[in-house]
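Some notes on the structure that comes next.
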Amino acid sequence: MRRFFIIFSVFIAAYGFFTGFVAADTLDNVKKRGYLQCGVSTGLTGFSIPDEKGQWTGFDVDYCRAVAAAVFGDGSKVKFIPLSSKERFTALQSGDIDVLIRNTGWTMGRDIGLGLTAVGVNYYDGQGFMVNSRRLPGITSIAQLSGASICVQSGTSTELTLADYFGRNNLDYTPVVFEKFSEVNAAYDAGRCDVYSTDQSSLYAVRLQLTNPEDNVVLPQLISKEPFALIVRQNDTGWANIIRWTHNALLNAEEYGITENNIDDMLKSTNPDIRRLLGTETGTNLGKILGLDNDWVVKIIKNTGNYGEIFERNIGRSSPLKIARGINDLWIKGGLQYGIPVR
């Protein structure tokens with residue numbers, strides 16, 4: 001028995017050393033490389049999309065830049081790696097990317113079975129429906145879709161959730177299934193179906209690309225929970241902490257009213273919560289715990305602004321997508337976004 005405990009203790013010590021090494025390794029590798037490798041979508045308007053010059057913009061893109069700002073003080077030190085749904089997890093597992101920040105839902109199977117860890121939800125989404133008002137006029141709710149033809153991508157959770165929901169609610173429908181996302185878009189635009197079902201955020205993006213966007217309405221109801229997460233490799237504790245607390249810093253900055261424009265004035269604040277967040281509180285060095293500079297949050301805000309600013313310019317009411325904050329608003333405004341205290 002004694003021998004067992006000795007061996008077990010050695011194993012635990014070795015495991016702790018190994019995980020600590022792995023955790024430090026990602027940050028060290030990123031610093032040595034000189035830039036962050038951030039996995040994003042292959043192109044989703046408002047979230048991550050390149051322009052004709054190859055310059056990336058979007059909600060997820062700004063999150064990548066926030067991480068780069070925390071590590072380097074420069075949000076431009078990012079290489080964006082476009083990944084399809086099939087490629088995304090393998091790229092992270094193999095080390096081809098440092099973090100996955102694309103429209104990827106957090107589930108138990110992915111969190112446990114794939115050797116990955118989700119460290120925060122930057123966008124709460126769900127499966128929704130877009131209706132062509134010329135082909136199906138007067139539709140305002142999912143309950144009115146019985147008998148409709150619905151375009152959906154094959155081999156996705158969207159296809160399964162659609163079948164489950166309509167079966168559970170005794171609604172008839174005709175699935176019009178395609179393998180590729182682009183094929184679903186083209187089929188819906190060509191009138192091969194009356195309704196399109198996928199993540200609601202994607203529907204807002206797809207709508208802008210249709211021949212007649214104004215003829216298409218995104219219904220307000222959702223039939224699933226799709227929390228889009230920031231994902232790293234398992235046992236990468238130190239690196240996971242950097243991604244997690246970058247997310248929380250963005251949320252707390254919005255709650256405290258710290259913006260890209262007033263950050264220099266906020267450095268003079270006497271509010272202890274703000275001072276701890278910005279690294280100006282005497283005796284506080286939370287950045288050092290992360291392996292970063294003490295003004296890491298200041299660098300983030302100067303590069304990207306707070307969570308609300310990132311949301312508004314990319315996908316909010318002032319953007320082409322015009323998505324309402326809804327459940328992605330701060331908790332003090334009735335939403336689900338809640339910054340864990342930095343103290």
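The values are calculated or read from the model by the stated rules, or taken from the named source; none is laboratory data. Since this is a predicted model, take the numbers as computed values, not measurements. Cβ placement follows ideal geometry from the backbone for every residue including glycine, while neighbour counts extend to all protein chains displayed.
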Self-check item: Counted residues, segment 30-60 - those being in contact (Cβ under 8 Å) with a residue 24 or more places away in the chain, not hydroxyl-bearing (S, T, Y) and not in a strand (DSSP E or B)
Solution: 9
Quiz item: Counting only residues that are closer than 16 Å to F129 by Cβ and under 25 Å from the mean Cα position of the chain (by Cα), how many does segment 149-164 have?
Solution: 10
Quiz item: With respect to the numbered conditions (1) assigned to a loop (DSSP other than H, G, I, E, B); (2) at pLDDT below 90, which one is the sole condition not fulfilled by S9?
Solution: (1)
Quiz item: In segment 90-113, what count of residues is obtained for those that are in a helix (DSSP H, G or I), hydrophobic (A, V, I, L, M, F, W, C) and either within 24 Å of A68 (Cα to Cα) or within 15 Å of the chain's Cα centre (by Cα) (or both)?
Solution: 2
Quiz item: Here is a list of conditions, (1) closer than 30 Å to D96 by Cα; (2) of a type in the set (D, E, K, R); (3) in a loop (DSSP other than H, G, I, E, B), and K299 meets all of them except one; can you say which number that is?
Solution: (3)
Practice problem: Please go through segment 168-182 and pick out each residue that is of a type in the set (S, T, N, Q) and either surrounded by 19 or more Cβ atoms within 10 Å (Cβ to Cβ) or on the phi < 0 side of the Ramachandran plot (or both). | Solution: N169, T174, S182
Quiz item: So which residues in segment 172-197 are within 29 Å of the chain's Cα centre (by Cα) and among the hydroxyl-bearing types (S, T, Y), if there are any at all?
Solution: S182, Y188, Y196, S197
Practice problem: Enumerate the strands (runs of 3 or more DSSP E) found wholly within segment 183-288, keeping only those where 1 or more residues are crowded, with 21+ Cβ neighbours inside 10 Å, out of contact with any Leu (no Cβ under 8 Å at 6 or more places or on another chain) and not hydroxyl-bearing (S, T, Y). | Solution: 195-199, 226-233
Exercise. Would you be able to tell me the number of residues in segment 156-167 that are farther than 20 Å from S201 by Cβ and either surrounded by fewer than 18 Cβ atoms within 10 Å (Cβ to Cβ) or of a type in the set (D, E) (or both)?
Key: 3
Exercise. Return a yes/no flag: does segment 306-323 have any residue that is more than 21 Å from the chain's Cα centre (by Cα) and within 20 Å of R65 (Cβ to Cβ).
Key: no
Quiz item: Would you call I139 farther than 23 Å from P220 by Cβ, assigned to a loop (DSSP other than H, G, I, E, B), in contact with a strand residue (DSSP E or B) (Cβ under 6 Å, 6 or more places away or on another chain) and modelled with pLDDT of 90 or more?
Solution: no
Quiz item: Right, I323: hydrophobic (A, V, I, L, M, F, W, C), part of a helix (DSSP H, G or I) and in the same structural domain as A66 (by TED's automatic domain parsing) or not?
Solution: no
Quiz item: So G167 clears everything in (1) within 30 Å of G120 (Cβ to Cβ); (2) out of contact with any Ser or Thr (no Cβ under 7 Å at 6 or more places or on another chain); (3) assigned to a helix (DSSP H, G or I) except one condition, right? Which one?
Solution: (1)
Exercise. Write out, first by first residue and then by second, each pair whose Cβ atoms fall under 8 Å of each other, whose residues are 6+ apart or on separate chains, and whose first residue, in segment 245-272, is without any contact (Cβ under 8 Å) to a residue 24 or more places away in the chain and more than 16 Å from A70 (Cβ to Cβ) while the second is among the β-branched types (V, I, T) and in a helix (DSSP H, G or I).
Key: Y256/I274; M266/I274
Self-check item: Condition met for K79 (surrounded by fewer than 17 Cβ atoms within 10 Å (Cβ to Cβ), part of a strand (DSSP E or B) and among the basic types (K, R))
Solution: yes
Self-check item: Index of the failed condition, G126 passing every other in (1) surrounded by fewer than 16 Cβ atoms within 10 Å (Cβ to Cβ); (2) of a type outside the set (V, I, T); (3) touching a Leu at 6+ places or on another chain (Cβ under 6 Å)
Solution: (1)
